[in-house]
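Structure, as structure tokens:
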Amino acid sequence: MLKKLREIANPASTFLIEPDVKPNPCRGHKKIDISCRRDPRAFELVDDGHVSQSTLASSQSKKQRASKVLEKQRNVKTKTYRTRTSLPSAYVGDFPSMLILFINLMKDVDGDGNCGFRAIAGSLGLGENDWVQVRRDLLLELNNHKDEYVVLYGSHERVEELTHILSYFEDSPGFDRWMTMPDMGHLIASFYSVVLYHLSLQQCLTFLPLRSLPVTLANRREIVIRFVNGNHFVQVFLEVGHPVPPIAVLW
């Protein structure tokens, strides 16, 4: 009892000692982070040698956006090409509704005042830049058969007017040198021995050669021109089985 009382009065004299506690080698010490640095967000975590799922998703999203941009560019190019090879909407209103379904292709030509002769040259396979040759050919047709055309047109004055129109071989002719229809339809059909279809909102006519003998359907050559906007000629290609305009007869 006296020993216990001494230990109470003087704790340093106790015989009790602190037990020796050895750390467990299988369990590591956990270090508590007491710094004020913030924890990184999930999208900032990157494993060693691997990109996080969020980064991959972002990369895939960029690739998808780039793919859509390329697809749009391809679509624009396609639309541009189709516009060049199809019937321009600006000319649709200049075609009779019954013929629109039979139009396979329309080809525009340079609108420099020689467009009518350019359209004929292109339809014949000469190339639209051979419009000078077309003027010369039609003038030759008119001069070689002047008497027939005086009867056909009804006067010498009209033949002289057509001679004046055709006798011009420069660029950008004035209004008085433009191709006129239906008068020149007979010259075109007769000189080139073709069936010419002339289409316009005012009248649609078929011109046949005046002197050549009839040919079989397989050997018949047909060309089509169209008068649009009140001041321009274009080439037209019709589907097989299209309606045939009335035959032009002036006498």
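The values are calculated or read from the model by the stated rules, or taken from the named source; none is laboratory data. Please read these numbers as outputs of a predicted model, since none were measured by experiment. Positions of Cβ are backbone-derived with ideal geometry, glycine not excepted, and every protein chain shown enters the neighbour counts.
In the set 227, 191, 175, only one residue is at pLDDT 90 or above and loosely packed, with under 14 Cβ neighbours inside 10 Å; that residue is 175. Within the option set 193, 200, 212, being under 15 Å from residue 103 (Cβ atoms) and of a type in the set (S, T, N, Q) holds for one residue only, 200. Do we have any residue at all in region 107-124 that's touching a Leu at 6+ places or on another chain (Cβ under 7 Å), within 17 Å of residue 234 (Cα to Cα) and modelled with pLDDT of 90 or more? Checked region 107-124: no residue is touching a Leu at 6+ places or on another chain (Cβ under 7 Å), within 17 Å of residue 234 (Cα to Cα) and modelled with pLDDT of 90 or more.
The criterion of being more than 21 Å from residue 226 (Cβ to Cβ), without any contact (Cβ under 8 Å) to a residue 40 or more places away in the chain and in contact with a Lys or Arg (Cβ under 9 Å, 6 or more places away or on another chain) holds for residue 150. Between 124, 152, the distinction of being among the aliphatic types (A, V, I, L, M) and more than 34 Å from the chain's Cα centre (by Cα) belongs to 152 only.
Note on region 126-149: residues that are at pLDDT 95 or above and over 19 Å from residue 182 (Cα atoms) total 4.
Kindly establish whether residue 134 is under 24 Å from residue 246 (Cβ atoms) and among the β-branched types (Val, Ile, Thr). In short, no. On the stretch given as region 157-172, residues that are outside any helix (DSSP H, G or I) and exposed (fewer than 14 other Cβ atoms within 10 Å of the Cβ) total 4.
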